[in-house]
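Asker: Take this structure first; my questions come after.
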Amino acid sequence: MRRIAIVGAGVGGRTAALALGRQGLSCEVYERQASLPFEGYGIQISPNAAAALHELAGERVFASAARPAVREIRRWRDDSVITRADLGRYRAPYYTMRRGALIAALRAPSVHVGRRVSAVSPEGLLFADGSSTRADVVIGADGLSSVVREFVGAAPLRDSGYVAYRAVVPDVGLDRVVVWLGPGAHCVAYPVDRSCRDVNVVLVTRHLSFGGWHPSVLRLVERMGPLTPHRLRDRPPLPSWHHGRVVLIGDAAHPMLPFAAQGAAQAVEDAVALARCSGSFDAFEASRRSRVTRVVDLSRAGLRTYHLPDGEEQRQRDSALASSPPGAMDWLYAV
C-alpha cells in the first residue's frame, strides 16, 4: 500500500485524511503546531463545505456551531441594511464557529503535532529536527506559507495593502453574519457558538481608524481589546498544483484573500475531489481549477468593492447588491 503523507493538520489536511480513509487509504498527517487548538478565532463554513463534512464526519462536527440564517451587508455610517441574503435556502446549513473547535472535531487518525516539515525529499519528508519519513505521495495542505509548495512551483507573496484585526468578543448576542462596508475598511461579525452570545469580529483596513462609523461597530471595536494586525496576502496562481508525487490543496495550491469567506471551504472541496480522483492529480486539478479560479477572483475583487469611498460608484455597488436575486450565490453554495 502506498504511504501517503499530508503536511498540515488544519481543516483541509484533516478532511483529506478522512476522505482518503473512505477510499481505504491510510495517511499520516504532520502538523508544525505543538498542540490544539491551532486558532481560537472564528470560521465560516458555507453549505458547499458543510455538506461534504456532514457526509465524511457527521453533523457532530458542528455540535458547538451557530447556524446563522441570514447575512446582512450594512452601511458603515448609519447601519442601514443594503442587502440581506437567506443562508437557510440550501440543503446544508451555513455554520459559524471557532476554528479550533472545528479542527478538534475533525478526528482524523494518525495526526502528529509538533512535526515541522523543512523540505520534500526524493524519499519523503525532512523535518526541522533532522529526522525524516518515507512517503510515496505528499499532499501539501500547509497553507499560504506552504513548504511543500516550493517543490511544485514558485509564486511570491502578494501583499494586499490591507491588514485584519481579529477578536472574539464575549456576551454580545448576534444570530447572523453582518458585514459593514465603508471607505477603505470593512467589519465582519458573526456568532461562534450555539448560544449566539460570543461573536467573532474582524476589522479589515489599511489603518486602524473607524472614526465616524456607526456606534454598532464602534462598540464592537472598543470591546476587542489589544489588537494585533495580520497582513492580508495571497499569491499569483501556479501553472500546476502538482509535480511528480506531490500535490497541493487549499491555500497551499490557490491562496485567496478572505473576502468571500471561502478559504477553508475550498480546501474541503479540494480534499474531497482529490480522494474521488483515485490518485490522478491531473484529473483532480481539471475538476477543480475553473471553480477555484472563479472563487479566487471573487475574493480578490473584494479588495476594491468592499472599500469604495462614498460616492457614485459606491451607490451603484449598493444598488447592485440590493437588487441581487435570492439565488445569486447558488453557484457557490448549492453544490
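So that you can scan it fast, the table gives a plain yes or no per residue for (1) modelled with pLDDT under 95; (2) buried (at least 23 other Cβ atoms within 10 Å of the Cβ); (3) in contact with a helix residue (DSSP H, G or I) (Cβ under 7 Å, 6 or more places away or on another chain); (4) closer than 14 Å to residue 250 by Cβ:
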site: 1; (1), (2), (3), (4): yes, no, no, no
site: 12; (1), (2), (3), (4): no, yes, yes, yes
site: 15; (1), (2), (3), (4): no, yes, yes, yes
site: 23; (1), (2), (3), (4): yes, no, yes, no
site: 30; (1), (2), (3), (4): no, yes, no, no
site: 45; (1), (2), (3), (4): no, yes, yes, yes
site: 52; (1), (2), (3), (4): no, no, yes, yes
site: 70; (1), (2), (3), (4): no, no, no, no
site: 73; (1), (2), (3), (4): no, no, yes, no
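Asker: Here's a follow-up. For residues that are in contact with a strand residue (DSSP E or B) (Cβ under 8 Å, 6 or more places away or on another chain) and surrounded by fewer than 16 Cβ atoms within 10 Å (Cβ to Cβ), tally how many sit in segment 120-141.
Answerer: 6
Asker: Sticking with this structure for a sec: Criterion first (open to solvent by 30 Å² or more (accessible area, probe 1.4 Å), more than 19 Å from the chain's Cα centre (by Cα) and within 22 Å of residue 167 (Cβ to Cβ)) does residue 218 satisfy it?
Answerer: In short, yes.
Asker: Also, I was wondering about something else. So, in segment 58-93, exactly how many residues are within 30 Å of residue 108 (Cα to Cα), of a type outside the set (Lys, Arg) and assigned to a loop (DSSP other than H, G, I, E, B)?
Answerer: Qualifying residue count, segment 58-93: 11.
Listed here are the residues, each with its yes/no results for (1) under 20 Å from the mean Cα position of the chain (by Cα); (2) β-branched (Val, Ile, Thr).
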site	(1), (2)
24	no, no
29	yes, yes
46	yes, no
64	yes, no
72	yes, no
76	no, no
92	yes, no
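Asker: On to the next question. So, of the residues in segment 301-335 that are in contact with a strand residue (DSSP E or B) (Cβ under 7 Å, 6 or more places away or on another chain) and not aliphatic (A, V, I, L, M), which turns out to be nearest to residue 88 (Cα to Cα)?
Answerer: It comes out as 326.
Asker: Pick from segment 152-169 the residues that are under 18 Å from the mean Cα position of the chain (by Cα) and open to solvent by less than 30 Å² (accessible area, probe 1.4 Å): which of them is nearest to residue 119 (Cα to Cα)? Steps first, please.
Answerer: Step one: list which residues in segment 152-169 are under 18 Å from the mean Cα position of the chain (by Cα), which gives 157-160, 162-168.
Those left that are additionally open to solvent by less than 30 Å² (accessible area, probe 1.4 Å): 160, 162-165, 167.
Details: 160: 28, 162: 30, 163: 29, 164: 30, 165: 31, 167: 33 Å.
Across segment 152-169, the extreme among qualifying residues is 160.
Asker: How many residues are charged (D, E, K, R), within 16 Å of residue 154 (Cα to Cα) and open to solvent by 10 Å² or more (accessible area, probe 1.4 Å) if we restrict to segment 228-242?
Answerer: 2
Asker: Moving on. Have a look at 147, 113 and point out the one that is of a type in the set (A, V, I, L, M), within 30 Å of residue 6 (Cα to Cα) and open to solvent by 50 Å² or more (accessible area, probe 1.4 Å).
Answerer: Result of the check over 147, 113: 113.
Asker: Please verify whether residue 123 is over 26 Å from residue 168 (Cβ atoms) and either in contact with a helix residue (DSSP H, G or I) (Cβ under 8 Å, 6 or more places away or on another chain) or modelled with pLDDT under 95 (or both), treating the condition exactly as stated. Explain how you work it out, then say what you get.
Answerer: Working: over 26 Å from residue 168 (Cβ atoms): yes; either in contact with a helix residue (DSSP H, G or I) (Cβ under 8 Å, 6 or more places away or on another chain) or modelled with pLDDT under 95 (or both): yes.
For residue 123, the condition - over 26 Å from residue 168 (Cβ atoms) and either in contact with a helix residue (DSSP H, G or I) (Cβ under 8 Å, 6 or more places away or on another chain) or modelled with pLDDT under 95 (or both) - is met.
Asker: Now a separate question. Across segment 248-277, what is the total count of residues that are open to solvent by 10 Å² or more (accessible area, probe 1.4 Å), among the hydrophobic types (A, V, I, L, M, F, W, C) and not in a helix (DSSP H, G or I)?
Answerer: 3
Asker: Taking only pairs six or more apart or across chains, which ones have beta-carbon atoms under 8 Å, a first residue in segment 84-105 that is under 30 Å from residue 319 (Cβ atoms) and open to solvent by less than 20 Å² (accessible area, probe 1.4 Å), and a second residue that is in a helix (DSSP H, G or I) and among the hydrophobic types (A, V, I, L, M, F, W, C)?
Answerer: Close Cβ pairs satisfying both conditions: 94/50.
Asker: Within the group 245, 317, 288, which residue is open to solvent by 40 Å² or more (accessible area, probe 1.4 Å) and at negative phi?
Answerer: Answer to the selection: 245.
The values are calculated or read from the model by the stated rules, or taken from the named source; none is laboratory data. Since we're looking at a predicted model, the values are computed, not measured. Neighbour counts are summed over all protein chains in view; Cβ atoms, including those assigned to glycine, are modelled from backbone coordinates with ideal geometry. Only protein heavy atoms, including side chains, enter the accessible area calculation; ligands, DNA and RNA are left aside. Shrake-Rupley method; radii C 1.70, N 1.55, O 1.52, S 1.80 Å.
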